[in-house]
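A.B. asks: I have a structure I would like to understand better, so I am pasting it below and will then ask my questions one at a time.
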Amino acid sequence: MHVHKYERAWLIFGLAMLAVFLCLLAVAAVSNDIVPPSGMQQIDPSTVARTPPFDKPGLRRLPDGSYEAYYVAQVFSFNPAVLTVPVGAKVTFYVTSTDVVHGFFVPHTDINMMVIPGWVNTETHVFRTPGEYLLICHEYCGIGHQNMFGKIEVTKV
C-alpha cells in the first residue's frame, strides 16, 4: 500500500502532537497530584429514603463545632428546601439523588457539584457572610428543572 509523502508527513505530525498532548496531560496530572476519585461513598438510589442519614436530611452539629448537611435531590426539589446555618460555620455537604442527575450549586461560594444517583458527593464550605444563599440545580433534570431550587440562610448567632 502506497501512502503519499505529504499524507505520511501529516499522519506523523498528528500522531506526534497526540503523544505530546498525552505526555503534557500526564505531567500536569502527576505534578498537581490529580487522581481519579476513589473511595466515594455509594448508596442504592431506591433505598435513599430508608438509609441513614439520608432518611432524615438536614443539618447536624458535630462535637468539634462543625456541621454536616445531608441533602437529597429529587425531581424537582431539594430536601431540605431551606437550611439555616450560623455564620462562620464549617459545613460539609453530603448530597445524593434518588432519580436522575442533578446539580448542586450555590452562587458566590465554591459549592458546585454534580449529583449522580447511586453516589454521595461531598463539598466543604465555611460561610463567612450572613445572608441568604440560593441553591440551584444546574444540570437539566426534566421539564420542571427551572423550579428546582432551595435556600441556605446564614444567620448571626
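The values are calculated or read from the model by the stated rules, or taken from the named source; none is laboratory data. If you're wondering where the values come from, they're calculated on a predicted model, not measured in any experiment. Here the Cβ positions follow ideal geometry from the backbone for every residue, glycine too, while neighbour counts run over all protein chains shown.
A.B. asks: Name the one entry in 125, 138 that is outside any strand (DSSP E or B) and in the same structural domain as residue 52 (by TED's automatic domain parsing).
C.D. replies: 138
A.B. asks: Check 155, 129, 109 and return the single one that is in contact with a strand residue (DSSP E or B) (Cβ under 8 Å, 6 or more places away or on another chain), of a type in the set (S, T, N, Q), within 19 Å of residue 61 (Cβ to Cβ) and surrounded by fewer than 18 Cβ atoms within 10 Å (Cβ to Cβ).
C.D. replies: Residue meeting the stated conditions: 155.
A.B. asks: Please determine whether any residue of region 41-50 is without any contact (Cβ under 8 Å) to a residue 24 or more places away in the chain, outside any loop (DSSP other than H, G, I, E, B) and not assigned by TED's automatic domain parsing to the domain that holds residue 114.
C.D. replies: No, region 41-50 contains no residue that is without any contact (Cβ under 8 Å) to a residue 24 or more places away in the chain, outside any loop (DSSP other than H, G, I, E, B) and not assigned by TED's automatic domain parsing to the domain that holds residue 114.
A.B. asks: Within the group 81, 73, 69, which residue is of a type in the set (Gly, Ala, Ser) and over 21 Å from residue 43 (Cα atoms)?
C.D. replies: Among 81, 73, 69, only 81 is of a type in the set (Gly, Ala, Ser) and over 21 Å from residue 43 (Cα atoms).
A.B. asks: Among the residues of region 148-155, are any assigned to a loop (DSSP other than H, G, I, E, B), touching a residue at least 40 places away in the same chain (Cβ under 8 Å) and more than 15 Å from residue 54 (Cα to Cα)?
C.D. replies: Scanning region 148-155, I find at least one residue that is assigned to a loop (DSSP other than H, G, I, E, B), touching a residue at least 40 places away in the same chain (Cβ under 8 Å) and more than 15 Å from residue 54 (Cα to Cα), so the answer is yes.
A.B. asks: Here are some conditions: (1) farther than 17 Å from residue 153 by Cα; (2) of a type outside the set (Ser, Thr, Tyr); (3) in the same structural domain as residue 142 (by TED's automatic domain parsing); (4) exposed (fewer than 14 other Cβ atoms within 10 Å of the Cβ). Residue 30 meets all but one. Which one does it not meet?
C.D. replies: For residue 30, the failing item is (3).
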